[in-house]
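Have a look at the structure below, then the notes.
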């Protein structure tokens, strides 16, 4: 049996090492919202031969587009983001671009989101997260007949959500990665993955408690962790394999979506054993101490 | 019928064959020379195909917000529905195949969602639906242009409105001339429209009255006499098809409420195809790694889990085709992800089995115990995923939660995936083990 419970403070240090830079980045830079949130127009253009980024920027200026950014993707297409634009201006931009670069671009993606929808998405994301968290909390508390389990599971879940948010604040600052509707989906899915692993450990603790093992709670948790950590890792590995395949081989549209899920899954695996269970142990200790005084 | 494991095994084999028939495109059967000749095909046997979302097949998605400011609250739902109908007619009329036009209402927002597969020119798409289709009657600014000899093409610049628009039209329909049987378009104005029309026609006798749709002139008939009964007939020597088109355009012009575009997304077909190819490749590679990993981890049991996984893939995909679920890129990602999750229950069961065996139980007992004891954690763990899927899918269309096609696409595939994985991970694997697996007890 591995004495996991001896190193509780060490786990909290690891979590802080990951969480603090992320939270600082979140506070300082914030997330980089995509047009899904801010409203705006996104054009993805494909050219037969390579085109220089400044050429695109010049053509956009000529057409009077309020450019926000121009970016080259892995697949060689150009993504231009701008304030919401009318079709006439975009057509003028396309024509201008064709005359400068003497080749016409194929529009592979053309998206415009009005500002109302953006605000709506933000509010709905918060609402969805709250509803899902509450539902999970209630279910875990009900399934384990104990609010302590529910709260600990949800604390680990919030830990994972913060890790995902922090990572994307960093990714947004350094790699210009944006958060969009798909990120919201990944963010919400992280919740279920996080709890998935936590439940495997908690289920073992519940079983041992039911069996009436005469062990101190700490040792009981240690045994539960030792017995389940292997399968919890195996479980997550299969998901991680699929996600890695999606990140490395999948389409560019879902690439960052898969990255967000990957971060969430890794964090979720870690937090079940090293956040949720330690919290449960600490809570138990604290309750005992309160009783003794 | 499901009494013994062997019988269940038999039914599973049958199911697998059936699923292969549903899943594999009929063209590949023909390639293999297994195709059923056309005239032997069973009538009414449905042809299954995968429904691809706009982000994969290429096309345009437009969300329109109706401006209900001038509409009485109790009439708003009707106005939205009839606007939806008008837009649908317009799109059908332009020959877009399989368009989807939906209305959605939440709190104070009234929206119409339009999906047009194959239309990637957003300018054209918006011209089809985006603006309020404005029917307008106009007259020439310049009297010279209005003389019969003049050949001036009426444009917005050379004409001015007479104060009569689509709002004043009750309806337009195709009729036939009583004398020579040629098709005509009969207009019927409402009360206020009839009054304006009568004044205008009285003023414009002998001059053309131009009819504009979305600022484009569709015709400019010459007024013969003042019309006071609010009815008019446009004769123009057109055939029945043209008359029908015009009547439809005129009816469409009477859009009951102005709409504005709040969101539009269009994806070219190339990006879509590329995404499908890449995602499928990523899925296959991931599947292979998971399969090898399971064998490395659990040996012969791993092979059985892989067989169940193959059945999982076939079954899930068949359900997508049968319901049908429209597959979007996030949807495919959800499917790929669920493959990784599908072996979860197997892992929990096998680990439990190993544990029970270590405790000294004979393998058969250990296996049954493994299935029994792992169930609690499998149930609880999967239930939370199902909860999250429901929040994401938002089946009640609650305005509090996101209503997005992309998010839904992901949630529905993950939801179906989790349910199917419970079946394959437990029932199928258990049957396979009971029938095919043997181990010596030491």
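If you take the residues in segment A:65-77 that are touching a helix residue (DSSP H, G or I) at 6+ places or on another chain (Cβ under 7 Å) and within 14 Å of chain B (Cβ to nearest Cβ), which one is nearest to residue A:38 (Cα to Cα)?
The residue in question is A:73.
Conditions (1) without any contact (Cβ under 8 Å) to a residue 12 or more places away in the chain; (2) within 20 Å of the chain's Cα centre (by Cα), marked per residue:
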residue: A:154; (1), (2): no, yes
residue: A:158; (1), (2): no, yes
residue: A:161; (1), (2): no, yes
residue: A:175; (1), (2): yes, yes
residue: A:189; (1), (2): no, yes
residue: A:208; (1), (2): no, no
residue: A:214; (1), (2): yes, no
residue: A:240; (1), (2): no, yes
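Based on what the data block shows, is residue B:429 modelled with pLDDT of 85 or more, more than 27 Å from the chain's Cα centre (by Cα) and in a helix (DSSP H, G or I)?
So residue B:429 fits the description; yes.
Could you tell me how many of the residues in segment B:390-407 are at pLDDT 80 or above and crowded, with 19+ Cβ neighbours inside 10 Å?
Residues that pass the stated criteria total 3.
Please work out if residue B:330 is at the interface with chain A (Cβ under 8 Å from one of its Cβ atoms) and under 28 Å from the mean Cα position of the chain (by Cα).
Here the answer is yes, as residue B:330 does meet what is asked.
Given the structure, is residue B:205 surrounded by fewer than 18 Cβ atoms within 10 Å (Cβ to Cβ) and at pLDDT below 80?
no
Quick check: is even one residue across segment A:6-27 assigned to a helix (DSSP H, G or I), under 27 Å from residue A:181 (Cα atoms) and within 14 Å of another protein chain (Cβ to nearest Cβ)?
No, segment A:6-27 contains no residue that is assigned to a helix (DSSP H, G or I), under 27 Å from residue A:181 (Cα atoms) and within 14 Å of another protein chain (Cβ to nearest Cβ).
Filtering segment A:116-134 down to residues that are surrounded by fewer than 17 Cβ atoms within 10 Å (Cβ to Cβ) and within 9 Å of chain B (Cβ to nearest Cβ), which residue is farthest from residue A:203 (Cα to Cα)?
Filtering segment A:116-134 down to residues surrounded by fewer than 17 Cβ atoms within 10 Å (Cβ to Cβ) leaves A:116, A:119, A:122-123, A:126-127, A:130, A:134.
Now narrow it down to the ones that are within 9 Å of chain B (Cβ to nearest Cβ): A:116, A:123, A:127.
Details: A:116: 44, A:123: 34, A:127: 29 Å.
Across segment A:116-134, the extreme among qualifying residues is A:116.
Only one residue in A:80, A:156, A:92 is in a helix (DSSP H, G or I), within 22 Å of residue B:125 (Cα to Cα) and more than 10 Å from every other protein chain (Cβ to nearest Cβ). Which one?
Numbers: A:80 fails: in a helix (DSSP H, G or I); A:156 fails: within 22 Å of residue B:125 (Cα to Cα).
From the options A:80, A:156, A:92, the qualifying one is A:92.
Taking the stated definitions as given, is residue A:39 at positive phi, touching a strand residue (DSSP E or B) at 6+ places or on another chain (Cβ under 7 Å) and modelled with pLDDT of 80 or more?
Considered against the rule, which asks whether it is at positive phi, touching a strand residue (DSSP E or B) at 6+ places or on another chain (Cβ under 7 Å) and modelled with pLDDT of 80 or more, residue A:39 comes out as yes.
Which pairs turn up if I take residues in segment B:226-255 that are over 16 Å from residue B:177 (Cβ atoms) and look for partners that are modelled with pLDDT of 75 or more and assigned to a loop (DSSP other than H, G, I, E, B) with beta carbon separation below 7 Å, at least 6 apart in sequence or on another chain?
B:226/B:205
Can you tell me which of (1) in a helix (DSSP H, G or I); (2) within 23 Å of the chain's Cα centre (by Cα); (3) within 11 Å of chain A (Cβ to nearest Cβ); (4) buried (at least 21 other Cβ atoms within 10 Å of the Cβ) is the one residue B:266 doesn't meet?
(1)
Table: residues versus (1) closer than 24 Å to residue B:61 by Cβ; (2) modelled with pLDDT of 80 or more; (3) not assigned by TED's automatic domain parsing to the domain that holds residue A:254.
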residue	(1), (2), (3)
A:44	yes, yes, yes
A:49	no, no, yes
A:72	no, no, yes
A:79	yes, yes, yes
A:94	yes, no, yes
A:105	yes, no, yes
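Could you tell me which numbered condition residue A:64 fails, if it satisfies all but one of (1) assigned to a helix (DSSP H, G or I); (2) more than 22 Å from residue A:252 (Cβ to Cβ); (3) modelled with pLDDT under 80?
Just one mismatch for residue A:64, condition (1).
For segment A:32-55, which positions are part of a helix (DSSP H, G or I) and without any contact (Cβ under 8 Å) to a residue 60 or more places away in the chain?
Listed by number, the residues that qualify are A:53, A:54, A:55.
The values are calculated or read from the model by the stated rules, or taken from the named source; none is laboratory data. Computed from a predicted structure; not experimentally measured. Note: ideal-geometry Cβ built from the backbone for every residue, glycine included; neighbour counts use all protein chains shown.
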